[in-house]
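**Student:** Below you will find the structure I want to go over with you.
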Amino acid sequence: METEQQQRESINASLSQGTLALEGTDTANLPKLPPASEPESQLQQISRQVSQFLEQLPQYLSDFFRDYKQPLISVALILAAIITARVVLTVLAAINDIPLLSPLFELVGISYTSWFVFRYLLKASTRQELADEIQSLKNQFLGE
C-alpha cells in the first residue's frame, strides 16, 4: 500500500508541475514544447506589417534619395521650369486682356527697338562700342 500511496503522490506532484512522467524515464532530457499562444488575427497581422513598414520608411526614403539623387533633381528642375512657364504665360495673358495696356507695351517695345537701332547699329563706331560692351560683360560673367 505504501508504494501505491507514493506513486499517487508522485503523480499528484507531477500533475501540479504540469508534467506527467512515466516510470523509469528521465524527464530532464525530454524536449520541451513552447508555451501555447493565441493565433494572430488577420487585423493584428496587417497592423504589425504596417507598423514594421512605417518603422523602416525613413531608411527606405533616404536610400532611395541617395541612389537617385541626380535624376530626382533633374525631374524637379524640369517641373519647376514648366510651372514657371505656365505662370508667366498666364500673367502675360491677363495683362494682354487689360484694355489699352497691350498697345502701350507694343508702343514701348517699338520705341526702344528704334532707339537701339539708331544708337548702336547705324554707324561703324557705335557698333564697335556695342561689341566692346558685350565683350566686357562676357569677361565679368566668365571671370576672365
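The values are calculated or read from the model by the stated rules, or taken from the named source; none is laboratory data. This structure is a prediction, so every number in the text was calculated from the model and none was measured. A quick note on method: Cβ atoms are made from the backbone with ideal geometry, for glycine too, and the neighbour counts reach across all protein chains shown. For accessibility, only protein heavy atoms count, side chains too; no ligands or nucleic acids. Shrake-Rupley method; radii C 1.70, N 1.55, O 1.52, S 1.80 Å.
**Student:** Out of the residues in the range 29-83 that are basic (Lys, Arg) and loosely packed, with under 10 Cβ neighbours inside 10 Å, which is nearest to the chain's Cα centre (by Cα)?
**Tutor:** ARG66
**Student:** Would you say GLN140 is open to solvent by 80 Å² or more (accessible area, probe 1.4 Å) and within 28 Å of the chain's Cα centre (by Cα)? Walk me through it before giving the result.
**Tutor:** Values: open to solvent by 80 Å² or more (accessible area, probe 1.4 Å): yes; within 28 Å of the chain's Cα centre (by Cα): no.
Against the criterion (open to solvent by 80 Å² or more (accessible area, probe 1.4 Å) and within 28 Å of the chain's Cα centre (by Cα)), GLN140 does not qualify.
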